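The values are calculated or read from the model by the stated rules, or taken from the named source; none is laboratory data. Only a predicted model underlies this, so the values are computations on that prediction, with no experimental measurement involved. FYI the Cβ positions are ideal-geometry reconstructions off the backbone, even for glycines, and counts take in every protein chain you see.
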Amino acid sequence: MELLKQKILDCGRALNDHVLLVDSFLNHQVDVKLMREVGREFARLFADADIDRVVTIESSGITPAAMTALEMDLPMVIMKKSVSSILNEGILQTDVFSFTKNAPYLLTLKSEFIHPGDRVLLIDDFLANGEACFGAARLLRQAGAQLAGIGIVIAKAFQPGLKKLRSAGYRVEVLAPVSRMDEGHIEFGDVK
Ligand code: G4P
């Protein structure tokens with residue numbers, strides 16, 4: 001998606017060869033007009049996928065997922081990383097380890113919001129090692145639903161997640177795949 005790639009070049013900043021700062025438009029301050037275009041692009045890419053529900057993982061996936069759900073006229077569900085004390089009935093959980101943060105978290109979903117047989121589109125802002133997506137896939141399987149597609153705003157294609165997810169058979173569409181970066185330098189390109 002050229003508009004997004006240009007925004008990354010104009011406003012993103014590679015801190016080093018593995019951390020891309022995009023907090024001026026994606027995950028702290030949010031460019032909602034750009035996110036509306038992101039939602040339109042995901043809706044176009046997955047128009048043929050017969051999706052019943054859009055799912056994301058809190059918190060930075062929420063805006064692109066909401067825009068996608070709005071565009072596709074579908075319900076949206078947010079998987080939680082922190083469990084509220086009032087959320088204790090009918091919940092599904094799985095452990096996910098974040099290599100970026102070097103810490104585990106308990107991904108949580110209330111089963112009533114996903115129906116058996118649902119074809120689910122997972123939208124997230126960043127893909128690094130793919131652990132969050134694999135965790136989400138496990139919860140959806142527990143709920144009897146199917147992960148029919150994964151839409152990622154920015155994937156660090158040089159990290160293992162994208163390759164691993166595609167090797168596992170998932171359809172993954174990335175709007176801005178970053179093939180290489182270093183301080184002050186960003187290159188785009190999908191994995192072969
Ligand atoms: P994985 O699911 O692909 O395995 O990724 P991992 O846990 O290693 O990292 C995911 C978290 O780290 C996400 O944030 C993601 O947005 C963030 N992250 C990973 N690489 C980068 C990067 O290069 N730049 C930025 N800005 N963030 C990155 P989170 O804190 O878990 O979620 P959220 O609350 O921001 O949504």
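Out of (1) more than 14 Å from the ligand (Cβ to nearest atom); (2) surrounded by fewer than 14 Cβ atoms within 10 Å (Cβ to Cβ), what's the single condition that is false for Asp182?
That leaves (1) as the condition not met.
Do you know which residues across the range 112-145 are at positive phi and touching a helix residue (DSSP H, G or I) at 6+ places or on another chain (Cβ under 6 Å)?
Scanning the range 112-145 gives a single hit, Gly130.
With the range 1-120 as the region, which helices (runs of 4 or more DSSP H) entirely inside it contain at least 3 residues that are within 12 Å of the ligand (Cβ to nearest atom) and buried (at least 20 other Cβ atoms within 10 Å of the Cβ)?
The qualifying helices (runs of 4 or more DSSP H) are 62-72.
Would you mind stating whether Gly149 is in contact with a Leu (Cβ under 9 Å, 6 or more places away or on another chain), of a type outside the set (A, V, I, L, M) and in a helix (DSSP H, G or I)?
Taking the combined requirement at face value, the residue does not satisfy it.
Name every residue in the range 28-80 that is out of contact with any Pro (no Cβ under 9 Å at 6 or more places or on another chain), under 20 Å from Arg138 (Cβ atoms) and acidic (Asp, Glu), in order of residue number.
Answer for the range 28-80, where residues must be out of contact with any Pro (no Cβ under 9 Å at 6 or more places or on another chain), under 20 Å from Arg138 (Cβ atoms) and acidic (Asp, Glu): just Glu58.
Within the range 137-156, is even one residue over 30 Å from His185 (Cβ atoms), near the ligand (Cβ under 9 Å from one of its atoms) and small (Gly, Ala, Ser)?
The answer is no; no qualifying residue exists.
Condition first: within 19 Å of Leu21 (Cα to Cα) and in contact (Cβ under 8 Å) with a residue 40 or more places away in the chain. Can you find one or more residues in the range 137-154 that meet it?
Yes; the residues of the range 137-154 include at least one that is within 19 Å of Leu21 (Cα to Cα) and in contact (Cβ under 8 Å) with a residue 40 or more places away in the chain.
For the range 121-146, which residues satisfy the criterion of being part of a helix (DSSP H, G or I) and under 14 Å from the mean Cα position of the chain (by Cα)?
Glu131, Ala132, Cys133, Phe134, Gly135, Ala136, Ala137
Please name all residue pairs, on different chains or six or more residues apart, with Cβ atoms under 8 Å, provided the first residue is in the range 66-80 and is among the acidic types (Asp, Glu) and the second residue is buried (at least 22 other Cβ atoms within 10 Å of the Cβ) and at pLDDT 95 or above.
If the second residue must be buried (at least 22 other Cβ atoms within 10 Å of the Cβ) and at pLDDT 95 or above, the pairs left are Glu71/Gly39; Glu71/Phe42.
Conditions: (1) within 11 Å of the ligand (Cβ to nearest atom); (2) part of a loop (DSSP other than H, G, I, E, B). Gly169 meets all but one. Number of the miss?
All conditions pass for Gly169, except number (1).
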